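*Asks:* My questions will all concern the structure given below.
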Amino acid sequence: MQVGEETPPEDAEFDDTDDGDDSDIDVEELIPEEIKNAVKESREDYIQLITALRQVKLKLGHNSRRGEELLGQAWNEFRNRYNLKSKEWLVLAQDLPHDDEVLAQGCLECPLNEQLWLIRIAKQAENGNIEKARQILHQALEICGRCGSRLWDAARALEKDLSHENKNIQELWHRQLRIPLPNAEKYLAEYESQYGIDAQVRRWHADAAKIQSQRAQIGENAVAIAAMRKDLNALTEAWIQYAQAFSSCDQSWSKLILERALIDLEEANEKQFYHLKNITQLYKKIWHCYLQLDPTCINIARRALRCCPDEIRFRLLLLRRLVGSSSLHEIIALTFYKSPPEDKSIALSAAYAVMHSSASEIDKEHFFDRLCQEFPSQCLRLRIYQAANTADISQRQSKWRALLEKHSE
């Protein structure tokens, strides 16, 4: 069954030869010392490490358990610290093909990457998880089926293989032809060559064409003009205005517009003709717009902060969204990453998030100890808040007594 091609990036080809078990080989010895021992402070450091580990995997073959483990660890550290580019997600998908949780995260963070969706779907189909493959495919259609046609073609191919029911395939055609898409005339002609002319379908197509024309007038034309002029500031503003124009009537389309804007900035980083000194500021503008569209989405806040790690407002937003989370490690990382000593908003948001987390009382106590060391001007306020919100009555009374004794001296 083929629901889409699983084509690896050209620079990511592997030798499929099975070289046997590596149980007697010290994998770490095959990694160059300067790469293995380097402090990973940039994207390039992680890329060097992953490249070295991929070369080790090539030498040892696919049964290199320790090599695959180290490669997986490196990828996980990399993606937790930085937003991966679309091409990098495709390489990761080749390196960790059986980790559907990772591939699902990639589809969430690069929703317009049709090839990544198709790789994930193909893996499920290969493993016999046909119903899950179908669910993922329909999820993909909901998220990014409004931007391209490959997923619609894959969905029809899958339905043809699964059920051979013409009704299901025709319903997919109907869904696609209701959506404003590039080259819609081509798909209408293909539909009519199979099913004949249908007045209702033509009306759907005409309505979709009107929306496509409106989009061109509202935003697409301005984006195209800014791109032709190679003016990145104007291009960013055009994307943002385009997204804001649809924010009240079609929020999901606004999000896809901003995803396209992020892809434009990513590609601009790789081109020499753009003036890129202020590109971080442009990223901040797009992420601020994105966060205003969806103020509750933790994933968007995480992506924004990974892109702009020094932006305190992004950290505050994420801390507030982690209230009730079990992720004490993430709260700690957010709180103590280059925090200005007197930034009370970070300290108080972190205190609130930790007290409402599922962390143990001991872990909470250690956290508040460190918080008071890092934010000494807020220490009394933090300790009062901690005491007032301690669940255990005896511990709460003990904290109040300790505070009274310390501050009555």
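*Asks:* Mind checking the angle between helix 43-60 and the chain's longest principal axis? C-alpha axes, 0 to 90 degrees, to the nearest 10.
*Replies:* 70 degrees
*Asks:* For the stretch 43-201, what is the accessible area per residue in Å², given a 1.4 Å probe and the full set of protein chains?
*Replies:* On a per-residue basis, the stretch 43-201 sits at 46 Å².
*Asks:* Right, something else. Considering only protein heavy atoms and a probe of 1.4 Å, how much of the accessible area of the stretch 224-378 is carbon and sulfur, as a whole percent? Numbers along the way, then the final one.
*Replies:* Values: 3890 of 7470 Å².
Carbon and sulfur together cover 52 percent of it.
*Asks:* By per-residue mean of other Cβ atoms within 10 Å, what is the highest-first order of 329-335, 197-203?
*Replies:* Taking the mean over residues of other Cβ atoms within 10 Å, the ranking is 329-335, 197-203.
*Asks:* If I take all pairs of Cα atoms in the stretch 183-268, what percentage of them are more than 15 Å from each other?
*Replies:* Cα-Cα pairs in the stretch 183-268 separated by more than 15 Å: 64 percent.
*Asks:* Could you tell me how many degrees, from 0 to 90 and to the nearest 10, lie between the Cα long axis of helix 166-177 and the main elongation axis, the longest principal axis, of the Cα atoms of the chain?
*Replies:* 70 degrees
*Asks:* Now for a different question. For the chain, what class follows from the C-alpha gyration tensor (a ≥ b ≥ c being the square roots of its eigenvalues): rounded when a/c is under 1.5, otherwise prolate if a/b is larger than b/c, else oblate? It would help to have the intermediate numbers written out before the result.
*Replies:* Details: a/c = 1.94, a/b = 1.44, b/c = 1.34.
In terms of gyration-tensor shape, prolate.
*Asks:* Given the -39500 (n - 2.57) contribution per DSSP H run of 4+ residues, what per-residue ellipticity at 222 nm results for the chain, rounded to the nearest 500 deg cm²/dmol?
*Replies:* When only DSSP H runs of four or more count, the value is -21000 deg cm²/dmol.
*Asks:* At 1.4 Å probe radius, can you tell me the per residue accessible area of the stretch 223-294 in Å²?
*Replies:* 50 Å²
*Asks:* Something else: What lysines sit close enough to Lys364 to cross-link, taking a C-alpha to C-alpha distance under 28 Å and skipping anything fewer than 8 places away on the same chain?
*Replies:* Straight-line reach from Lys364, under 28 Å: Lys338, Lys344, Lys399, Lys406.
*Asks:* Explain nothing, just the number: dipole magnitude of the chain about its Cα centre with +1 on each Lys and Arg Cβ and -1 on each Asp and Glu Cβ, in debye rounded to the nearest 20. Spell out each step's value before the answer.
*Replies:* Values: 53 positive and 66 negative charges, 503 e Å.
Dipole of the chain, to the nearest 20 debye: 2420 debye.
*Asks:* How would the stretch 64-218 be classified by its alpha-carbon gyration tensor: rounded, prolate or oblate, with rounded meaning a/c under 1.5 and the a/b versus b/c comparison settling the rest? Display every interim value, and only then the final one.
*Replies:* Numbers: a/c = 3.77, a/b = 1.79, b/c = 2.11.
Oblate, because a/c is 1.5 or more while a/b does not exceed b/c.
*Asks:* Separate question: In degrees, nearest 10, range 0 to 90: what is the angle between the Cα axis of helix 86-95 and the longest Cα principal axis of the chain?
*Replies:* Orientation of helix 86-95: about 80 degrees from the principal axis.
The values are calculated or read from the model by the stated rules, or taken from the named source; none is laboratory data. All values reported here derive from a predicted model rather than from experimental measurement. FYI the Cβ positions are ideal-geometry reconstructions off the backbone, even for glycines, and counts take in every protein chain you see. Surface areas here come from the heavy atoms of the whole protein model, side chains and all, with no ligands, DNA or RNA. Shrake-Rupley method; radii C 1.70, N 1.55, O 1.52, S 1.80 Å.
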